[in-house]
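The values are calculated or read from the model by the stated rules, or taken from the named source; none is laboratory data. These figures come from a predicted structure and were not determined experimentally. Quick reminder, even Gly has a Cβ in these numbers, built from the backbone with ideal geometry, and neighbours come from all protein chains shown.
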Amino acid sequence: MALDLHAHLLWNIDDGPASESESIEMIRRLMALGFTGAAPSPHGDSDPTLARARLDELRAALQRADIDFELFDNTENALTPELVADLCAGRGRMLAKTRFFLVELPFHGPLPALGNILERLSQKGLNAIVAHPERSAHFAASPFAAASVVHRFGGLLQLDLGSLVGVYGTTAERTARALLKGGHYDLAASDLHRPSDCRWLAHALDELDALVGPATARRLIDFTPRRIVRGDPPV
């Protein structure tokens, strides 16, 4: 079994699927790969009211189709001063109504203030899940040092599975494999945007098993994600 805590499954809300039928097709393909649930993750600049309504619509569509697949609240937030202010004020869009929030770092340039930001949020009892860190220049420049900063302040690193099979280029793949080999990832997710992405996802899951072994792979895609949606710390 597996639980995907980063996937763009809500239609007509960001750069994800274009229709309800595409959303359902993505979920069917996830289920064929062993996933039993997901946390649809629209981008943070999407309308939160629309996102909540669309999630309810997707749950209803699954029920009508007699598809047993659990869905959790989530948002892929961009790391901005506005996000930090909202989180500190209790207005953040959290994962499964827990203290965890999914955050995307800028793809370009260093982030010297990252530790200060995460420390400030941790003092509020909030824990960042850093989405696809291997795709950010900050991590590519010094992956182990950057990972140490995130973990020091209670943050988690989420592997984008596509990075293992070259979906995002050689730098992201090299950084992902280094972080994975060093044991720095806490969980892994698909970051699916469309049904065709599932073609490489099967290969990526096989590659994950080959690189770290089935037990560690299961921790990354199942055991830790399930603890997170319960609000429990990873083991």
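Of note:
Conditions (1) of a type outside the set (A, V, I, L, M); (2) in contact (Cβ under 8 Å) with a residue 12 or more places away in the chain, marked per residue:
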site	(1), (2)
Pro106	yes, yes
Asn116	yes, no
Gly125	yes, yes
Arg135	yes, yes
Gln158	yes, yes
Val165	no, yes
Lys181	yes, yes
Tyr185	yes, yes
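- Any hit, segment 77-96, residues being within 24 Å of Leu3 (Cβ to Cβ), outside any loop (DSSP other than H, G, I, E, B) and more than 16 Å from the chain's Cα centre (by Cα): yes
- Tally of residues being closer than 16 Å to Met26 by Cβ and either within 17 Å of the chain's Cα centre (by Cα) or among the aromatic types (Phe, Trp, Tyr) (or both) across segment 65-75: 5
- The residues of segment 151-168 that are more than 17 Å from Pro233 (Cα to Cα) and either touching a Phe, Trp or Tyr at 6+ places or on another chain (Cβ under 7 Å) or surrounded by fewer than 24 Cβ atoms within 10 Å (Cβ to Cβ) (or both), listed by number, are Leu159, Asp160, Gly162, Val165, Gly166, Val167, Tyr168.
- Residue within segment 9-32 that is within 22 Å of Gly231 (Cα to Cα) and either of a type in the set (A, V, I, L, M) or at pLDDT 95 or above (or both) present: no
- Residues in segment 60-76 that are part of a helix (DSSP H, G or I) and either of a type in the set (Gly, Ala, Ser) or surrounded by 14 or more Cβ atoms within 10 Å (Cβ to Cβ) (or both): Ala60, Ala61, Leu62.
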